[in-house]
Amino acid sequence: MKRFLSLLPVMAALALAGCHKPAPKSTEAQNARAVRVVTLANVPISGALAASGDLLPREEAAVLPEVTGYRVSKVLVDVGDTVKQGQTLVTLDPALIQAQLAQAEAVASQAQVQALQATDQANRVKDLDNAGVISQEAIDQRRFQARAAQATANAQAAALKDLRTRVGKLSVTAPVSGLILERTVRPGDMSATGAATPWFRLARDSEVELAAQLSEDDLAKIRPGMHAEVTLPSGAVVQGVVRLVSPQIDNSSKLGVVRIHLPVSRDIRAGGYGRAVFSEVSGAALAAPETAVRYDADGASVMVIGPDNRVKHFPVQTGQRGGGYVQLIKGPPVGAHIVQNAAAFLLDGDLVKPTTAADPPGSFAAPGKAAGK
């Protein structure tokens, strides 16, 4: 009996071993990861176009002296001053030219007197031609002398007029009204025409505008008269209007320029940087959820799901963003199925179980991406 009881555990173990069956191996389809899928489509974009550029004077005027060899006696304005057309900016020392002017006046008066005297001598023989009273040679000589004297008087009068004009140019005036942006002249400098550096640079009518740079494709969407919101370096936002769209594209940068007229303000400084958003621009773009785009050392990419439910890495170039979506400038074609969550741990060739995600929105508004950024 005792021997039988000792065999019971052994018999039970053998019975259990006979009943155990090996577990079936799982298939690749069973191990496939479930992912949400979105379909790429072109969606409308409104107010998504933006560009940045430099703040420049709408029209710049340079001020240079028109006479050479005179010393600057006074500089009457400085950078930041607003001047009117014809206002005196610099006065030159008149001492040298005043002496020349007095001498020229005396010479001109003398020449005029000599011309009158010669004319009177010629008039006295006016009716004596072939009369035998005086030789014809003497008569002709008096007439020639009168003409020569008058020509000399005219030349001296012209020289006097030139000096008087130069006296007027000793006051260097503003050619246009506007804001003084730069000043290089100092008291004691010598005036010289054709100098490389202007004495002053003026922004005509104090107008400063934004020269925004856009790609050729974006440039085609802009028209004169369109409105734009311009953000200044200070953070202030002003309303601008497109004044000019460049007719050409830069060969090196492949960008064109849009000139945006801005209101006259002391806060808008030439040489600064601005960013414009064109609120009236509309168009269509291939868009994907921002979560579908993954970034690594090779750049941006999405995971495309093929007909066999296997994923493949596809590089993309992103553009404008907004509302949780990003524009794909380069990427898979319209209608391609991509994984909605790029953070999912997937490798090329992995089998997935796709489930349909929410469709892309009907449109999205984005602040855009500045050209060249």
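Values as computed for the structure displayed
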quantity	calculated
So residue 246, is it small (Gly, Ala, Ser), modelled with pLDDT of 90 or more and over 30 Å from residue 75 (Cα atoms)	yes
Lone qualifier among 83, 125 - being surrounded by 14 or more Cβ atoms within 10 Å (Cβ to Cβ) and at pLDDT below 85	125
Unique residue being surrounded by 12 or more Cβ atoms within 10 Å (Cβ to Cβ), out of contact with any helix residue (DSSP H, G or I) (no Cβ under 9 Å at 6 or more places or on another chain) and over 30 Å from residue 58 (Cβ atoms) when the list is 170, 96, 163	96
Checklist (1) modelled with pLDDT of 90 or more; (2) surrounded by fewer than 19 Cβ atoms within 10 Å (Cβ to Cβ) applied to residue 57, failing item	(2)
Within region 277-340, strands (runs of 3 or more DSSP E) holding 2 or more residues that are free of Cβ contacts under 8 Å to residues at least 12 places away in the same chain and within 23 Å of residue 35 (Cβ to Cβ)	294-296
Count of region 284-295 residues which are more than 12 Å from residue 327 (Cα to Cα) and at pLDDT below 85	0
Residue list for region 184-215, filter: touching a Lys or Arg at 6+ places or on another chain (Cβ under 8 Å), surrounded by fewer than 20 Cβ atoms within 10 Å (Cβ to Cβ) and among the charged types (D, E, K, R)	189, 204, 205, 207
Of residues in region 60-77 being surrounded by fewer than 16 Cβ atoms within 10 Å (Cβ to Cβ) and among the hydroxyl-bearing types (Ser, Thr, Tyr), the one nearest to residue 233 (Cα to Cα)	73
Selection within region 294-324 - of a type in the set (Gly, Ala, Ser) and within 21 Å of residue 284 (Cβ to Cβ)	300, 319, 322, 323, 324
Sole residue being modelled with pLDDT of 90 or more and of a type in the set (Lys, Arg), chosen from 266, 183	183
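To keep it simple, each residue is scored yes or no on (1) surrounded by 16 or more Cβ atoms within 10 Å (Cβ to Cβ); (2) over 30 Å from residue 54 (Cβ atoms); (3) modelled with pLDDT of 80 or more.
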residue: 300; (1), (2), (3): yes, no, yes
residue: 307; (1), (2), (3): no, yes, yes
residue: 317; (1), (2), (3): no, no, yes
residue: 325; (1), (2), (3): yes, yes, yes
residue: 342; (1), (2), (3): yes, yes, no
residue: 345; (1), (2), (3): no, yes, no
residue: 352; (1), (2), (3): yes, yes, yes
residue: 359; (1), (2), (3): no, yes, no
residue: 370; (1), (2), (3): yes, no, no
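Every residue, every condition in (1) at pLDDT below 85; (2) farther than 30 Å from residue 206 by Cα; (3) not in a helix (DSSP H, G or I), yes or no:
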| position | (1), (2), (3) |
| --- | --- |
| 51 | no, no, yes |
| 72 | no, no, yes |
| 90 | no, no, yes |
| 97 | yes, yes, no |
| 107 | no, yes, no |
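The values are calculated or read from the model by the stated rules, or taken from the named source; none is laboratory data. Every value quoted in this text rests on a predicted model; they were computed, and no experiment measured them. Using ideal geometry, Cβ is built from the backbone for each residue, glycine included, and neighbour counts are taken over all protein chains shown.
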